[in-house]
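Worksheet: one structure, shown below.
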Amino acid sequence: MNGSGQQKEGSASEASPGSANAVKERVEAEKERPKAAPGKKKPGRRAGYIGNIVWNLIFLFILNNLTNWNVPFIAPSWVAVLWAINLSLGTTILANIVFLAFDPRWFRHAAQIVLNLLALLSTYVIYIIFPFELPGEPVTLIFRVCLIIAMVVTAIGVVVELVKLVLNRD
């Protein structure tokens, strides 16, 4: 557009974002964009796997040492839930190590289903044993509701990953 509010002639690049010319230009630009070689991992995905491994190792260390550090709201029954937490986090670490070498879409979705099911299991075990000493009934209730919400969201994640696996989509 020029200063008077009129569009310059022949200026396709200044077409409004929803116009046919703008859409056609975006489609053409997408066709010309270089594609990654099949089977080639994106650098961001590898970094994500490595970051996930590091985070889960740190989280595993922290959760396994909470009773040693005398955290005031952690009950002695915390050790009864550690097997489920360790299983979930250990499997997640292992899966991310495998993803560094082998990560086709179908495998990631199948693995994520298993990881989500293990996360659901560990959340359920925490909910049932409830190894916390929280101040007052309202705080306990809020925490229990949060655990229920986490289980529902994780179950939805299982369904989403299953659909992605069946439809072969990301």
(message) Can you confirm whether V125 is in contact (Cβ under 8 Å) with a residue 12 or more places away in the chain, assigned to a helix (DSSP H, G or I) and more than 17 Å from the chain's Cα centre (by Cα)?
(response) yes
(request) Could you look through the stretch 119-170, keep only residues that are of a type in the set (S, T, N, Q) and surrounded by 16 or more Cβ atoms within 10 Å (Cβ to Cβ), and pick out the one that is farthest from L87 (Cα to Cα)? (result) T154
(request) Being aliphatic (A, V, I, L, M), assigned to a helix (DSSP H, G or I) and over 22 Å from F107 (Cα atoms) is the filter here, so list the residues in the stretch 132-165 that pass it. (result) V139, L141, I142, V145, L147, I148, I149, A150, M151, V152
(request) Please enumerate the residues belonging to the stretch 90-104 that are more than 15 Å from I58 (Cα to Cα) and in a helix (DSSP H, G or I). (result) A95, I97, V98, F99, L100, A101
(message) Tell me whether the stretch 61-83 contains one or more residues that are crowded, with 17+ Cβ neighbours inside 10 Å and within 30 Å of D170 (Cα to Cα).
(response) no
(message) Please verify whether D103 is within 18 Å of the chain's Cα centre (by Cα), in contact (Cβ under 8 Å) with a residue 60 or more places away in the chain and either farther than 23 Å from K42 by Cα or open to solvent by less than 40 Å² (accessible area, probe 1.4 Å) (or both), treating the condition exactly as stated.
(response) yes
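The values are calculated or read from the model by the stated rules, or taken from the named source; none is laboratory data. The model shown is predicted, which means the values in this text are computed figures rather than measured ones. Because the Cβ atoms are built from the backbone with ideal geometry, glycine has one as well, and the counts that use them run over all protein chains shown. These accessible areas exclude ligands, DNA and RNA; they are computed on the full protein's heavy atoms, side chains included. Shrake-Rupley method; radii C 1.70, N 1.55, O 1.52, S 1.80 Å.
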